[in-house]
1. Rounded, prolate or oblate: which one fits region B:91-221, using the alpha carbon gyration tensor with axes a ≥ b ≥ c (rounded when a/c is under 1.5, else prolate when a/b beats b/c, else oblate)?
2. Which of B:12, B:27, B:145 ends up with the largest GNM mean-square fluctuation for chain B, with Cα atoms connected below 10 Å?
3. Per-residue Cβ counts within 10 Å, from other chains only, averaged over A:153-163: what number is that?
4. Measuring from the lowest to the highest alpha carbon on each principal axis, how far does region B:147-230 reach, largest first, in angstroms?
5. Looking only at other chains, what is the average number of their beta-carbon atoms within 10 angstrom of each beta-carbon in A:57-64?
6. Which angle between 0 and 90 degrees, to the nearest 10, do you get for helix B:96-106 versus the longest principal axis of chain B when only C-alpha atoms count?
7. Answer rounded, prolate or oblate for region B:1-86, using the Cα gyration tensor with square roots of eigenvalues a ≥ b ≥ c: rounded when a/c is under 1.5, else prolate when a/b is larger than b/c, else oblate.
8. Would you give the gap between the C-alpha center of region B:108-141 and the C-alpha center of region B:31-66, rounded to a whole Å?
């Protein structure tokens, strides 16, 4: 149900995504994340088009962390920032991070080894139902996501913007 | 460093003076990696500045074109340390050059089809220039026809924005068209009428075309074997 992928550029690093809906304790999870008790980025899935977008953001975050060029303070913050089409960090958090009243969450974990124990650890903390990650588009709010990008599929426009925004 | 290792294992597709192009799988997608390698014959500081600037310009131009509704490869990731651009591989496509060559060789009455293609190209270039994007290397090899699964019209995709930049000057747009004209007429003999159709379509579609065409005429009078008598 969760989705794990190895990053080709960093073969010892993996990105795992876990999706939950009908979440009742978003506020508590958000607090835990801020205290550092959840080792993952909590993303608002209604702003996402698909899992590929998250991989692109995570790949860029890991790359910038390795080269010491992150714009934010932690890897998880960087992942959320990278999802945003703009260079404003607070705006990125407001739109792509989770708020206390949210009912769905995507947890993104960057980890080294093959172990997936943490998935059950995280699921134990979430008061909600796990969904296959590929179903994330069923939660998407396409009106919120659509911006000036007119060309082709929405995912392409979003990913292209994410990749190039730092030199705009 | 990660990217050079990754690139070392990828398939080299082409090597030019500016850089190398590889094919690989990246995050589950077929990807083209464009690497601008270091030029040791240049002064290191200059080389870094130039290479960085060209990478940035290429990527900005692609995004600008996409936002204007022009098909260009999706960029997945840019590494500014090794100057590598990871972008979408346009699968199942042929260059406009190959398409024109094969259509002409087939000798069937496909004149109309080629004219429609020329008109499409004119419209797309008009849109691009109206966005103030100068491609810099317009040739029929840098335009791809992406075949779609259904019987709908294939998508015309512009590629290789390596020499592109942003400019509003009619001179720059005129030169851009001149480069295409030269490349077009030399790759495809006896296509003057076809190229005329392209220019007509461009003139009709672009809001700023009169100044650009005027400059194109001026540029044509320059160059080799041309009399500069005014």
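Taken together, the values in this text are just the output of simple stated rules run on the coordinates, not laboratory data. As the structure is a computational prediction, the values presented were derived from the model and not from experiment. Counting neighbours? That spans all protein chains shown, and the Cβs are built from the backbone with ideal geometry, glycine included.
1. Cα axes put region B:91-221 in the prolate bin.
2. Maximum fluctuation in the GNM of chain B, among the listed residues, is at B:27.
3. Mean inter-chain Cβ contacts per residue within 10 Å come to 5.
4. For region B:147-230, the Cα spread along each principal axis is 54, 32, 28 Å.
5. 3
6. Long axis of B:96-106 versus the principal axis of chain B: about 50 degrees.
7. Verdict is oblate for region B:1-86.
8. Cα centroid to Cα centroid, the span is 26 Å.
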